[in-house]
Amino acid sequence: AKSEGRNVYRFFEPGMDAMVRARRALETDLEAALRRREFELDFQPIMNIASGEIVGAEALMRWHSPARGLVPPDDFIPVAEEIGLIVPLGEWALRKACTVAAGWPHGLRIAVNVSAVQIKSGTFARSVISALAFSGVPANRLELEITETVLMDESDTVLKTLRQLRDLGVRIALDDFGIGYSSLGYLRRFPVDKIKIDRSFIRDIDNRDTAAIVRTVIGLGAQLGTTVTAEGVETEAQLEFLRKEGCVEAQGYLIGIPSKAADIARLLESRAGI
Ligand code: C2E
Ligand code: CA
Ligand code: CA
Ligand code: CA
């Protein structure tokens, strides 16, 4: 019993304490970061494969922390979700993205990532409508990227909110398609305007089985009348495969890396199809 007690004690001290403290510090920094305007959006272009024209861009959040340097979104978005900060942070991103896109050539779309926590908050539809009104961007130029965790929610708040936005003309894209548990079931539950094939499939497209899956998802999109976008396109060979298979859109380093608002505006003006 004595040694067990010692083990338990050792388990919590001091490593655990350090982890808890580091996590608290991250939460505190994150809370302050929004007030201190340390967040920024980069924009990555999306291309129509058949025409080669840029059709829009996806907003990707960046945290420039004076103390931590550039923190990748995969490191801070999950924490922001847990502490509820994603609601005001996501609202900021939506407004900022729409404001930037308001200056783009007519017809170009702006895609914004949205987390499940935001949609469940109950104020989401209102903040989307307000961002559109504030920026003057028409609803059909805004695309909200959700993952299937959003559609996994049992309550009908989520589906009602998405339907309400879709009725306004806002487009809904299913992000990271293929890596979840039952993406097909969710497509039946909620019809989306776009499917984004996760970049892990594109990276591995040389593999015969992976190629078969990508081909099938492209066919699925065609059957459903849903735009299919391939993420993470890095090579000409990958783009060629996607073109041959009739994939509608491509996004990735080959087409363009995520760039500052001013740089993307220049690119969009020179390569937009209008
Ligand atoms: P995502 O929505 O799947 O975004 C695509 C990610 O792939 C981005 O990473 C982008 O920089 C990266 N990427 C694009 N093209 C290529 C490529 O050719 N090769 C490779 N290796 N990577 C490529 P990033 O910017 O680090 O974002 C990571 C994730 O963080 C996003 O994945 C998204 O889930 C989340 N995120 C970013 N911004 C926001 C936001 O404003 N709100 C929410 N809720 N989540 C966000
Ligand atoms: Ca995305
Ligand atoms: Ca994605
Ligand atoms: Ca992803």
Qualifying positions in segment 183-213 - polar (S, T, N, Q) and under 19 Å from the mean Cα position of the chain (by Cα): Ser183, Ser200
Complete set of residues in segment 189-212 that are open to solvent by 70 Å² or more (accessible area, probe 1.4 Å), within 16 Å of ligand 3 (Cβ to nearest atom) and outside any loop (DSSP other than H, G, I, E, B): Arg199, Arg203
Verdict on Gln238 being in contact with a strand residue (DSSP E or B) (Cβ under 9 Å, 6 or more places away or on another chain), without any contact (Cβ under 8 Å) to a residue 40 or more places away in the chain and over 27 Å from Pro78 (Cβ atoms): yes
Name the residues in segment 34-57 that are in a strand (DSSP E or B) and small (Gly, Ala, Ser), would you? Gly56, Ala57
Which one is farthest from the chain's Cα centre (by Cα) among residues in segment 222-257 that are open to solvent by 30 Å² or more (accessible area, probe 1.4 Å) and within 10 Å of ligand 1 (Cβ to nearest atom)? Thr235
Check off (1) near ligand 1 (Cβ under 10 Å from one of its atoms); (2) in a helix (DSSP H, G or I) for Leu60 and give me the number that stays unchecked. (2)
Could you list, in sequence order, the residues of segment 189-206 that are within 15 Å of Cys247 (Cα to Cα), more than 12 Å from ligand 1 (Cβ to nearest atom) and among the aliphatic types (A, V, I, L, M)? Ile195, Ile205
Kindly indicate whether any position in segment 53-64 is away from ligand 2 (no atom under 16 Å from the Cβ), in contact (Cβ under 8 Å) with a residue 24 or more places away in the chain, open to solvent by less than 10 Å² (accessible area, probe 1.4 Å) and not aliphatic (A, V, I, L, M). yes
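Considering only segment 162-197, how many residues are within 13 Å of ligand 4 (Cβ to nearest atom) and either basic (Lys, Arg) or closer than 27 Å to Ala131 by Cβ (or both)? Step through it out loud before you land on a result.
Let us first name the residues in segment 162-197 that are within 13 Å of ligand 4 (Cβ to nearest atom), namely 173-180, 196-197.
Imposing the further condition that a residue be either basic (Lys, Arg) or closer than 27 Å to Ala131 by Cβ (or both) reduces the set to 173-177, 196.
Counting residues in segment 162-197 that are within 13 Å of ligand 4 (Cβ to nearest atom) and either basic (Lys, Arg) or closer than 27 Å to Ala131 by Cβ (or both) gives 6.
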Residue, nearest to Leu89 (Cα to Cα), within segment 131-151, restricted to residues that are modelled with pLDDT of 95 or more and of a type in the set (Val, Ile, Thr): Ile146
Take the conditions among the basic types (Lys, Arg), in contact with a helix residue (DSSP H, G or I) (Cβ under 8 Å, 6 or more places away or on another chain) and at pLDDT 95 or above and apply them to Arg171. Does it pass? yes
Whichever residue in segment 231-274 is assigned to a helix (DSSP H, G or I) and either within 16 Å of ligand 4 (Cβ to nearest atom) or of a type in the set (Gly, Ala, Ser) (or both) and, among such residues, is nearest to Ala212 (Cα to Cα): Ala237
Exception for Ile213 within (1) touching a Gly at 6+ places or on another chain (Cβ under 9 Å); (2) closer than 21 Å to Asn48 by Cβ; (3) hydrophobic (A, V, I, L, M, F, W, C) falls at (2)
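The values are calculated or read from the model by the stated rules, or taken from the named source; none is laboratory data. Everything quoted here is computed from the prediction, not taken from an experiment. Here the Cβ is made from the backbone with ideal geometry for all residues, glycine too, and neighbour counts use every protein chain on show. Keep in mind that these areas ignore ligands, DNA and RNA; they rest on the heavy atoms of the full protein, side chains included. Shrake-Rupley method; radii C 1.70, N 1.55, O 1.52, S 1.80 Å.
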